[in-house]
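Structure first, then comments.
Nothing in this text is a laboratory measurement; each read-out follows from the coordinates by a stated rule. Worth saying up front: this structure is predicted, and the values here are computed from it rather than measured. As a convention, Cβ positions derive from the backbone with ideal geometry for all residues, glycine included, and neighbour counts pool all protein chains shown.
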Amino acid sequence: MPFITTRTNAEITKEQEFSIKEKLGEAISLLGKSESWLMLVFKENCRLWFKGDNSKKIAFVEIALFGKASPSQYDAMTEKVCEIISSELRISSDCIYVKYEEVSNWGYNGFNF
């Protein structure tokens, strides 16, 4: 039940969105999850500031995860997310934040896991 939100001040084309979706769908396995439960949202052209500046392209990626993962899994996922966003949206890795949230209660289809 991972949920990934990608916010950026850049524009995301439909082609880029599909490619990022595909790559994140594969990458989520690094956290022991599968694409079959993955939900994504893309928020482009956000008014974001980083280091007191809004002239560079930046991104903030939030990953909510039902359950837990190990520090090494998070390290691998952060590396992969930065690689994907940097490659697809031409955003420097040092302008990308990745935040994780471990969720113990997650509802779906009228019940909770």
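Filtered by the rule that a residue be basic (Lys, Arg) and over 16 Å from Ile84 (Cα atoms), region 1-42 gives a lone residue, Lys33. Checked against (1) touching a helix residue (DSSP H, G or I) at 6+ places or on another chain (Cβ under 9 Å); (2) touching a residue at least 12 places away in the same chain (Cβ under 8 Å); (3) not hydroxyl-bearing (Ser, Thr, Tyr), Glu83 meets all criteria but (2).
Inside region 59-77, can you point out the residues that are over 9 Å from the mean Cα position of the chain (by Cα), farther than 19 Å from Ser36 by Cβ and not acidic (Asp, Glu)? Ala59, Lys68, Ser70, Pro71, Ser72, Tyr74, Ala76, listed by residue number.
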